[in-house]
Amino acid sequence: MRLTIACPDALRDDANQLAMVLGYGPSDAETYVALNWQDVDGNLYACASLPVSDAFTTTAQSGLQRPAWDTDNIIDMDAARRAQAALVFSLTPVTAMPDKLTACVGDDALATLAAMGLTQVEVVTEGNDVNLVIS
Amino acid sequence: MAIDSPFDTFTGIISPFGQRRVGGGAVPFSPASLFAGGQEGLLLGAFDIDTLFQVSDGTTPVTVATDPIGYFGDKSGNDNHATQATAAARPIYQTGPARATLNKVDDRLLVTVPTGGFEGTMVLATDQGTASYGVAIPAGPYDIGGRGGRHFPGNAIVGQLIRDGALSEGEAAATEADFVEKGATASYGAVTNFSRFWRDWTEITSFPLIDTSAGTNFIRAWRGCTSLTSFPLLDTSAGTNFNQAWLGCTSLTSFPLIDTSAGISFFRAWRGCTSLTSFPLIDTSAGTNFRSAWRGCTSLTSFPLIDTSAGTSFRSAWLGCTSLTSFPLIDTSAGTNFFEAWYGCTSLTTIPAGLFDNIQGGDFTEAFTNTDLTQTSIDNVLVSLVTSGIATGTRVFNQSGGSAPSSTGEAAIDTLRSRGWTVTVTGGY
């Protein structure tokens, strides 16, 4: 199944620690990077989407163990546990919340994000400054 | 030497049909041959499973559908392999046809383009269409797959070739044919939704004449393609939504007479196309939303008499078009919103009489602020607003810069104020 996860700005650091615990190595600290999504209230989110096994959801909600690869104690396990405590799993899309790590099941990642109430951030100023700010 | 000679060892002739003549016989064309002379670039093929690995260090082979692709091996011989170290951002291998599927949220692989960059041709074969582009890619990390993980012309990569040094038309066609034979979709002709397909693909220097005839949604399709200097005469006749389609294409110096006759929204369509010096007489007769459509087109010196008869919002439409000197007598009869429409058009001197005679709403807040209207032009505007008869709803008009109105314009201001308008003009009347 495909899991699509919305991580609010405030939880990014913690969520990336959790991603390393559940993932494969230090590069998984780059799972939640760009705040490209926003909810109706303007809260920003970094999002990820990936196929996972049925066992993944159980693992992600069980007691966290430092992975074998982390012999240098790179992972902040306390931060990972904070992220885990904020984790919300749903088999159907639910509205993303700015204080939760919301993970929803859905085959189409973009459709799932839309159903979670998120849209892509579009930065185009609309003031009358003729010097354009477009990103 | 005759190409068909049994002694012929020449291997460089490639027909448009994808067959290379070698030693008198036809052998299948291989895109890898395009690097035989030591050219830089890369060649990726999802159909060659031996080049795919799950982990970015090139370990754990991809063997079955749904395996992640963390390493996409370069077949050009240049070792420009595409990798993704972050597990969640890896494309997924699928079969039927073999392809690297992208979620358009965060999936992408990265190639490190070597010093000197790539300036040449990119052939990109996807599940939705195949095309060849002129590209200039600087040295450094480069996204394979979704630009920023998000924007991609399709949902999966079947094959991708980038060569430093332009391909000939025949070479590009042969490469496209090879990828199509391996499972890519040849034409974009069945695609209806082109939203964000090439958004922020700043490396594209020339865009091909692909089939977009079924496209209805072109929202942000080419937004931010900052290296495009021209645009082909694509078939956009079915397009209804051109929202931000070419926004920020800052190098476009010209624009073709594409068919936009079905277009309803042109919201920000050409905003910030700062190098456009002229604009064609496209069919905008169905357009209702022209908000910010040409905003910031700072090099436009003239504007055509397009059909805007259905337009309701002209808010900020020409804001900051600093090189416009005159404006045509377009049809504003359905217009309700002219907020900041010509704000900051600092060279605009000439507005024709009767431009607003039949408008439906009176929001001209900052509409002519910081312009250079002649006395005749400001008089034309004010008299036309009187003619419109607007006496309800928003009734605001602002002008600054340029000339103050004459007694004709002042009389019009008196009338407008008697109808509840708030009017501010140069000279302070």
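All of the numbers you see were taken from the coordinates with simple rules; none came from a lab. Computed from a predicted structure; not experimentally measured. With ideal geometry, Cβ positions are generated from the backbone for all residues, glycine too; neighbour counts draw on all protein chains shown.
For A:Asp13 and B:Ala139, what is the calculated FRET efficiency with R₀ set at 30 Å and r taken between the beta-carbons, to the nearest 0.05? Computed FRET efficiency for A:Asp13 and B:Ala139: 0.45.
How big is the dipole moment of region B:54-211 about its Cα centre under a simple scheme where the beta carbon of each Lys and Arg is +1, that of each Asp and Glu is -1, and everything else is neutral? Debye, nearest 20, please. Don't skip to the answer; put the middle values down first.
Working: 11 positive and 18 negative charges, 97 e Å.
The dipole magnitude comes to about 460 debye.
Sorting A:Met20, B:Met122 by the number of Cβ atoms found within 10 Å of their own Cβ, with the fewest placed first, yields B:Met122, A:Met20.
Over chain A, what is the relative contact order in whole percent, taking alpha-carbon pairs under 8 Å and six or more residues apart?
Values: 242 pairs, mean separation 45.6, N = 135.
Relative contact order of chain A: 34 percent.
Roughly how many debye, to the nearest 20, is the charge dipole of chain B about its Cα centre, given +1 on each Lys and Arg Cβ, -1 on each Asp and Glu Cβ, and no other charges? Don't skip to the answer; put the middle values down first.
Details: 23 positive and 36 negative charges, 205 e Å.
Roughly 980 debye for chain B.
Distance between the 7 Å Cα→Cβ label points at A:Arg2 and B:Asn193: 1.2 nm. Taken residue by residue and averaged, Cβ atoms of other chains lying within 10 Å of the Cβ of B:75-87 number 3.
A Förster radius of 30 Å, combined with the Cβ-Cβ distance separating B:Thr115 from B:Ser251, puts the computed FRET efficiency at roughly 0.80. Each of B:Asp143, A:Asp72 was scored by other Cβ atoms within 10 Å of its Cβ. Listed from fewest to most, they are A:Asp72, B:Asp143. Partner shielding of A:17-23 amounts to 1, given as the average count of beta-carbon atoms from other chains within 10 Å of each residue beta-carbon. Packing order of peptides B:29-41, B:172-184, highest average first: B:172-184, B:29-41 (average count of other Cβ atoms within 10 Å over each peptide's residues). Cβ crowding within 10 Å, taken as a proxy for footprinting-reagent exposure, orders B:Thr298, B:Thr288 from fewest neighbours to most as B:Thr288, B:Thr298. Taking the average, over residues, of other Cβ atoms within 10 Å as the packing measure, peptides B:94-101, A:46-53 rank A:46-53, B:94-101 from highest down.
Dividing the summed helix terms, -39500 (n - 2.57) for each DSSP H run of n ≥ 4, by the number of residues in the protein assembly as shown produces a 222 nm estimate of -4000 deg cm²/dmol to the nearest 500.
How far is the Cα center of region B:43-64 from the Cα center of region B:355-377, in Å? Taking the Cα centre of each part, region B:43-64 and region B:355-377 sit 62 Å apart.
How far, in degrees from 0 to 90, does helix B:169-181 lean away from the longest principal axis of the Cα atoms of chain B, to the nearest 10? With both axes taken from Cα atoms, the answer is about 70 degrees. Remark: mean inter-chain Cβ contacts per residue of A:24-31 equal 5, using a 10 Å Cβ-Cβ cutoff to other protein chain atoms.
Counting only residues at least eight positions apart within a chain, or on another chain, the lysines with an alpha carbon under 23 Å from that of B:Lys75 are B:Lys182.
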